[in-house]
Amino acid sequence: RLDPSCRNLTVNELVERYLKTRTGVRESTRIGYNFVRNLLKNEEFAGRKMCEVKTSDAKLFLIKLQSDGRGSSTIKTVRGVLRPAFQMAVDDDLLMKNPFGFELVGVIYNTEKTRLAITREQMNKFLKFIHDDNIYCKYYEAIYILFHTGMRISEFCGLTLKDIDLENRIIDINHQVQRFRSGKYDICPTKTSAGTRKLPMTEEVYQMFKALVENRPTDLPEVIVKGYAGFLIRDKDGMPEVALHWEHRFQHAVKRYNDIYKIQMPSITPHVCRHTYCSNQTRARMNPKTLQYLMGHSEISVTMDVYTHLGLDDAKDEIIRLKELEDARKEINNIERDTMRSMESQFKYI
């Protein structure tokens with residue numbers, strides 16, 4: 001609990017006290033904290049006394065950040081530190097209200113690019129291109145898996161031979177691999193507890209994993225990262241590949257595709273593969289709770305958001321499906337009615 005004398009703490013000092021309580025966080029979280037810490041050092045707002053900050057001041061500060069060119073993602077990160085820091089002061093009875101307790105909607109505008117799924121037709125065309133291309137064909141199995149399992153790229157890169165159960169055709173997702181700017185590799189838990197899951201393999205996905213395991217290079221060193229070894233996909237030094245490898249790979253593959261074909265392919269990233277898988281399962285009318293599990297979403301609302309990306313064509317398909325279903329029901333009712341009349345007629349003459 002903060003001492004009452006702490007009422008005169010500046011915003012910067014409050015943030016520093018709050019961050020001291022955040023022990024045992026992930027490396028990526030710690031990097032995010034340092035980013036916010038360095039950003040606030042150059043802001044006049046951070047020198048104000050925390051007890052003088054009103055809700056309007058907090059809103060105006062975030063608006064200023066956006067007018068200075070900061071993206072909405074950065075602003076969310078900043079508020080992700082300021083909001084709990086001020087809540088700590090509220091919990092310690094130093095403030096009556098958290099000035100950062102408001103919703104961002106209507107305060108700043110969203111500048112993040114929406115990662116939309118590509119269509120099934122686009123996916124199949126892109127996969128065929130990868131399969132047939134003399135440069136990118138060696139990545140076909142991995143890209144097919146990303147499109148047909150919905151795994152996060154960090155989860156895929158973290159897979160080891162122990163995580164691939166070919167006998168029972170199960171993918172065990174229980175960690176992810178990351179590499180930071182310093183070059184340091186880290187094995188982290190899945191993004192959320194829901195991210196730890198076991199995925200069943202379809203026949204096609206099984207064949208892709210089988211090929212990756214059988215063709216895994218044997219001339220690379222078997223490195224160990226935080227006790228994990230036997231990584232399925234490795235770079236030339238034997239280290240596990242990371243998201244950046246695949247981001248660049250997809251970018252170059254799409255460019256090559258668009259250099260060849262007149263009808264252009266939109267931007268495709270590993271996350272687009274994940275979103276495409278989710279959308280494809282949605283269109284196939286998979287149970288949302290089942291899809292939530294397969295995607296590793298902690299909240300069903302995240303899964304349900306995919307439905308908001310369905311468009312006019314999907315609505316038309318659904319109307320047609322419902323009409324066909326209704327016609328089928330009417331046909332069944334007519335058959336049942338005719339059958340009953342026939343039976344009644346037969347009994348009449350017995």
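The values are calculated or read from the model by the stated rules, or taken from the named source; none is laboratory data. Treat the numbers as computed from the prediction; the structure is a model and nothing was measured. Every residue, glycine among them, receives a Cβ derived from its backbone with ideal geometry; neighbour counts consider all protein chains shown. Just the protein is used for accessible areas: all its heavy atoms, side chains included, with ligands, DNA and RNA removed. Shrake-Rupley method; radii C 1.70, N 1.55, O 1.52, S 1.80 Å.
Odds and ends about this structure:
- Listed by position, the strands (runs of 3 or more DSSP E) enclosed by the stretch 150-201 that each have at least 1 residues that are more than 18 Å from residue 234 (Cβ to Cβ) and more than 14 Å from the chain's Cα centre (by Cα) are 170-173, 185-188, 197-200.
- The condition (being among the acidic types (Asp, Glu) and open to solvent by less than 20 Å² (accessible area, probe 1.4 Å)) is satisfied by just one residue among 68, 133, 93: 133.
- Hey, residue 151 within 25 Å of residue 254 (Cβ to Cβ), open to solvent by less than 20 Å² (accessible area, probe 1.4 Å) and of a type in the set (A, V, I, L, M) or not: yes
- Yes/no for residue 119 being more than 30 Å from residue 226 (Cα to Cα) and touching a Ser or Thr at 6+ places or on another chain (Cβ under 7 Å): no
- Residue match in the stretch 223-238 (condition: of a type in the set (A, V, I, L, M, F, W, C), in a helix (DSSP H, G or I), buried (at least 16 other Cβ atoms within 10 Å of the Cβ) and at pLDDT below 95): no
- Listed by first and then second residue, the pairs with beta-carbon distance under 7 Å, at least 6 apart or on different chains, first residue in the stretch 16-28 and among the aromatic types (Phe, Trp, Tyr), second surrounded by 12 or more Cβ atoms within 10 Å (Cβ to Cβ), are 18/84; 18/85; 18/88.
- Filtering the stretch 256-271 to residues that are surrounded by 11 or more Cβ atoms within 10 Å (Cβ to Cβ) and either basic (Lys, Arg) or part of a helix (DSSP H, G or I) (or both) leaves 256, 257, 258, 270, 271.
- Single residue of the stretch 41-65 satisfying the filter (without any contact (Cβ under 8 Å) to a residue 12 or more places away in the chain and among the polar types (S, T, N, Q)) that is least open to solvent (accessible area, probe 1.4 Å): 56
- Within the stretch 202-222, the only residue that satisfies the criterion of being touching an Asp or Glu at 6+ places or on another chain (Cβ under 9 Å), among the polar types (S, T, N, Q) and part of a loop (DSSP other than H, G, I, E, B) is 215.
- Some residue of the stretch 114-124 being among the basic types (Lys, Arg) and under 30 Å from residue 15 (Cα atoms): no
- Considering 35, 45, 100, the condition of being in contact with a Lys or Arg (Cβ under 8 Å, 6 or more places away or on another chain) and under 27 Å from residue 192 (Cα atoms) is satisfied by 100 alone.
- Answer residue from the stretch 114-130, given it is at pLDDT below 90 and of a type in the set (A, V, I, L, M) and is least open to solvent (accessible area, probe 1.4 Å) among those: 117
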